[in-house]
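One structure below.
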Amino acid sequence: MPELRQNPATKEWVVIATERAKRPEDFPKIPPPPEDPNAIDRCPFCEGHEKMTPAEVFAYRSYGTHPNEPGWWIRIVPNMFPALVPEGNLERFEKENFFRYMEGIGHHEVLIEHPHHNYSIATMEQKQVEEIFLAYRDRYISLCADPRFEMVLIFKNHGAGAGTSVRHPHSQIIATAITPQHLRHRLEEAMRYYDDNGKCLYCVMIEKERNAKERVLLETDNFIAFCPFASKSPFETWIIPKRHDACFNSVTVDDSKELAYVSRMILKKLHVSLNDPDYNYVIYSSPCREKASDYFHWHIQLVPRISAVAGFELGSGIFINTAIPEESAKFLREVQA
């Protein structure tokens, strides 16, 4: 019989379609579409094409090299088509005494993860992935220090099915002057649980997942990765620090390197077992200036894009998952990556 499961962190319900469920190894392993052979020549993110992007705002580069020239291994530039812009008025207005609006103030960056084109986090050396996560940390701390911004969101779209238009490995960083309802809802649920139980919801979730063991993919000294009990889609994975920590800006250098290891191992398992699937991941953190230290817990949500969203999901907000999380976790644990 199908199960309705609820995510305690979001209160979202999902349908685990046990009668329609596929075995993890039965999901189609569709190879990425072939790329235009001239794509590298036109790619603005490849080393040597620095003049094809806006001027860099941050880079890790070899000693003696200059900004906007070759010699870098991590490079961050403003997005050429930004969702938000850094200059403007923070005041909020209303039209017709009802419709609220403000200017689109924020900051939108692209983090170019490697000088060369045909790589992904799953295929890079561990050292390079560590540099990516150290850059996440550096930019998060810097942007959070700007008093105009309430939230900094770090995310990655991998593959056309996840929304990317450039195959060269990259992530995006957006700082906003508001805290959107999607994050606000998570904060409110965490606060409600803390008020009722005197404990952090995420810390309890970690304890329960460690005790159950069946959904855990990987555990290190400071991090745990698992397929959530109420996974919205096949192979959804959360990566959470075991030490209670609400905001990503308190992550240490050593934490960043360990997080890079865990993230790379999960993505390598997906790469090997599902033939490099499209995916998104997002780093959720408490807002920059909110004291959510007692009840929230920063984390990464990773969602492979191997199932479609249809009318039921759009109409009800309830996702149908045709992969049982416990079986997905067991399958990925056993993948040699």
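Only the coordinates and a few stated rules stand behind these numbers; no lab work does. Note that the structure is predicted; figures quoted are calculated from it, not measured. Methodologically, a virtual Cβ is constructed for each residue, glycine included, from the backbone with ideal geometry; neighbour enumeration extends over all protein chains shown.
Below is a table of values for the structure above.
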{"quantity": "Long-range HN-HN contacts of PHE58 with modeled amide H, under 5 Å", "calculated": "ILE76"}
{"quantity": "For ILE178, distant residues with modelled amide H under 5 Å away", "calculated": "GLU150, MET151"}
{"quantity": "Over the chain: Rg over Rh, Cα atoms, Kirkwood Rh", "calculated": "0.96"}
{"quantity": "Subset of LYS11/LYS242; LYS199/LYS269; LYS95/LYS156; LYS127/LYS232; LYS11/LYS199 violating a 28 Å alpha-carbon distance limit", "calculated": "LYS199/LYS269; LYS95/LYS156; LYS127/LYS232"}
{"quantity": "Magnitude of the charge dipole, the chain, Cβ model with Lys/Arg +1 and Asp/Glu -1, debye to 20", "calculated": "440 debye"}
{"quantity": "³J(HN,Hα), Karplus 6.51/-1.76/1.60, whole Hz, each residue of segment 235-252, x for Gly, Pro", "calculated": "6, 3, 9, 10, 10, 9, x, 6, 6, 4, 7, 8, 10, 5, 6, 9, 5, 7"}
{"quantity": "Longest DSSP-loop-exposure-free segment, GluC sites (Glu not before Pro), the chain, at most 10 other Cβ within 10 Å", "calculated": "97-333"}
{"quantity": "Cβ-based exposure ranking for THR123, THR252, in which fewest neighbours within 10 Å come first", "calculated": "THR252, THR123"}
{"quantity": "Selected from LEU134, TYR279, PRO86, residue furthest toward positive end of dipole (the chain; charges at beta carbon)", "calculated": "TYR279"}
{"quantity": "Cβ-derived FRET efficiency at R0 41 Å, MET1 paired with GLN172, nearest 0.05", "calculated": "0.50"}
{"quantity": "Residue-wise HN-Hα coupling along segment 46-56, computed from phi with Karplus coefficients 6.51, -1.76, 1.60 (Hz; x: Gly, Pro)", "calculated": "6, 4, x, 10, 4, 6, 8, 10, x, 4, 5"}
{"quantity": "Exposure proxy ranking, count of Cβ atoms within 10 Å, fewest first, for VAL309, VAL152", "calculated": "VAL309, VAL152"}
{"quantity": "Per-residue ³J(HN,Hα) for segment 38-45, Karplus 6.51 cos²θ - 1.76 cosθ + 1.60, θ = phi - 60°, Hz, x for Gly and Pro", "calculated": "8, 4, 4, 4, 9, 6, x, 9"}
